[in-house]
Amino acid sequence: MKIVFTNGCFDLLHAGHVRYLAHARSLGGKLIVGLNSDDSVRRLGKGPERPIVGQDERREVLLALRAVDEVHIFDDDTPLKLIQELRPDILVKGGDWPVEKIVGHEFVLSYGGKVLSLPFVEGNSTTSIVRKIMDGKAFL
């Protein structure tokens, strides 16, 4: 069974996330998600209001998706240690990440794994949702 790994904040889960995770899962027999801890999200500089949803609730929502088999919360700035522990067959990120910039790509390639940048779903981002809410245009 091929193990697929991806990671992210998944702060406000939206259709772009769901489509991306379903695509990632379709590449193998098991999808493992590395989830940035609350402290890790804050260090990423996504804004003072982030994360909006706490790590335990974000994990719970991800685990409720059919596509997701496991969720591991990590507190480091990158998921490299987690990738090294799990040794996934396939490492994926969204299309806004070129393969050579995906954390862990060299490690996964070193043992014959694959690293893929999946198509990005335009217009679907937590940042854009937050911006719409702040501008009072959330449901237009």
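For the reader, a short list of remarks on this structure follows.
- Reduced Cα scattering model of region 3-134, Debye log10 I(q)/I(0), q = 0.12, 0.15, 0.17, 0.18 Å⁻¹: -0.42, -0.68, -0.88, -1.00
- Computed over the chain with a Gaussian network model linking Cα atoms closer than 10 Å, the most mobile of Gly47, Gly113, Gly28 is Gly47.
- Residues whose placed amide H lies under 5 Å from that of Leu116, excluding near-sequence neighbours: Leu91, Val92, Lys93
- Taking 0.36 nm per residue of separation and subtracting the Cα-Cα distance, full extension of the segment from Leu13 to Lys30 would add 4.1 nm.
- Lysine pair count for the chain with Cα-Cα distance under 17 Å and sequence separation of 8 or more or different chains is 11.
No value in this document is a laboratory result; all are computed from the given coordinates. On a predicted model such as this, the values are computed, not experimentally measured, just so you know.
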